[in-house]
Amino acid sequence: MKVEIWSEIACPWCGLGGHRLDRAVERFEHSGHLEVVHRSFPLGSGLPEDRTLSVREFVLAKYGAIPGQAGVPDIEGMAAAEGLAPYRVLDNRVGNTDLAHEFLAHASAEGKNGEAWNMLFRAYFGKAESIFTLDDLLEFSDKLRLDREQTRQVLADRRYHRQVQQDAHQAQRLGATGAPFTVIDGRYALAGAQDTDTLLGILRQVWDETHPTVVVAGNDAAICGPDGCAVPAAHTAHA
């Protein structure tokens, strides 16, 4: 069963949503049969590429309030209550994430999809580390044991730019207007950072819909297998 989650790597709700999905998967009885795929939904393309901004000044300028004021959700507090701490939002910086998403696409192509996304989420929200420059991303490439020079060339060529945009367009065709956006087995689309119990319930529902329950009524029913057909004891002829 496939679970796809579209995220912006610098979106605090996406980091929390990814954490909640991980917790739901851990509790899911059939987690060994799940394939979780992270996809890009970049939201920072309009920000400058050559500098970053304080999250506080960015949010205050855009919304006129910061989390914890005037009913704005306290995301850091919510994350801490769910075991995700430290989770640094207000003391972080924000910038253009296009290159970071292209790095994530490259890492995914090298078989490190979940590992790369989790690493950048932990670095950005857990440690307030920069994820915006080529040098930043080459450091993450080393940590993921990717070829550093290949990564440098891939990012310099912007080889995955189109793929990142296609990821976002695919989510929009499925109904996404923002991130995070989750699709489970191509059947259910969920907008926003759904709580863990909701995600777990839908995982179970989709599993039940796609995997019929086998009821074993007894061991005396007729059945054919690779070694032939067995006859129920009640119907066996006696001399």
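The values are calculated or read from the model by the stated rules, or taken from the named source; none is laboratory data. These figures come from a predicted structure and were not determined experimentally. We place every Cβ from the backbone using ideal geometry, glycine too, and count neighbours over all the protein chains shown. When the accessible area is computed, the model is the full protein with side chains, heavy atoms only, and any ligands, DNA or RNA have been set aside. Shrake-Rupley method; radii C 1.70, N 1.55, O 1.52, S 1.80 Å.
Taking a point 7 Å out from the Cα of ARG148 in the direction of its Cβ, the residues of segment 108-135 whose backbone N falls within less than 15 Å of it are 134-135. The Cβ shell under 14 Å around HIS30 holds other residues with a net charge of -3, Lys and Arg each +1, Asp and Glu each -1. In the chain, inverting the average of 1/r over every pair of distinct C-alpha atoms gives 20.2 Å as the Kirkwood radius.
Taking the average, over residues, of other Cβ atoms within 10 Å as the packing measure, peptides 37-43, 5-11, 150-156 rank 5-11, 37-43, 150-156 from highest down.
Over all pairs of different C-alpha atoms in segment 1-41, the reciprocal of the mean inverse distance, the Kirkwood hydrodynamic radius, equals 10.7 Å.
The calculated FRET efficiency for the pair LEU34 and ASP157, based on their C-beta separation and a Förster distance of 30 Å, comes to about 0.35. The length gained on full extension between GLU115 and LEU138, counted as 0.36 nm times the residue separation minus their Cα-Cα distance, comes to 6.7 nm. Converting phi to 3J(HN,Hα) with the Karplus coefficients 6.51, -1.76 and 1.60 and the offset θ = phi - 60°, segment 162-177 yields 5, 4, 4, 5, 5, 4, 5, 5, 4, 4, 5, 5, 7, x, 6, 10 Hz in sequence order, with x at every glycine or proline.
Stokes-Einstein, applied to the Kirkwood radius of segment 174-217 over Cα pairs at a viscosity of 1.306 mPa s and 10 °C, places its translational diffusion at 134 µm² s⁻¹. Largest accessible area first, the residues PHE140, PHE58 order themselves as PHE58, PHE140 under a 1.4 Å probe with ligands, DNA and RNA left out.
Backbone geometry of segment 152-158 corresponds, through the Karplus equation with coefficients 6.51, -1.76 and 1.60 at θ = phi - 60°, to 3J(HN,Hα) couplings of 4, 5, 4, 6, 5, 7, 6 Hz, x marking Gly and Pro.
Using R0 = 41 Å, the C-beta based FRET efficiency linking ALA191 and ALA222 works out to 0.25. With a 1.4 Å probe and all protein chains left in place, how much of the accessible area of segment 116-225 comes from carbon and sulfur atoms, in whole percent? Reported share for carbon and sulfur atoms: 48 percent. Between PRO48, PRO212, HIS33, the Cα set farthest toward the positive side of the dipole of the chain (charges on each charged residue's Cβ, about the Cα centre) is that of PRO48. For segment 91-156, the Kirkwood estimate of hydrodynamic radius, built from reciprocal distances between every pair of different alpha carbons, is 11.7 Å. When peptides 190-202, 97-109 are sorted by average Cβ neighbour count within 10 Å, with the highest value leading, the order is 97-109, 190-202.
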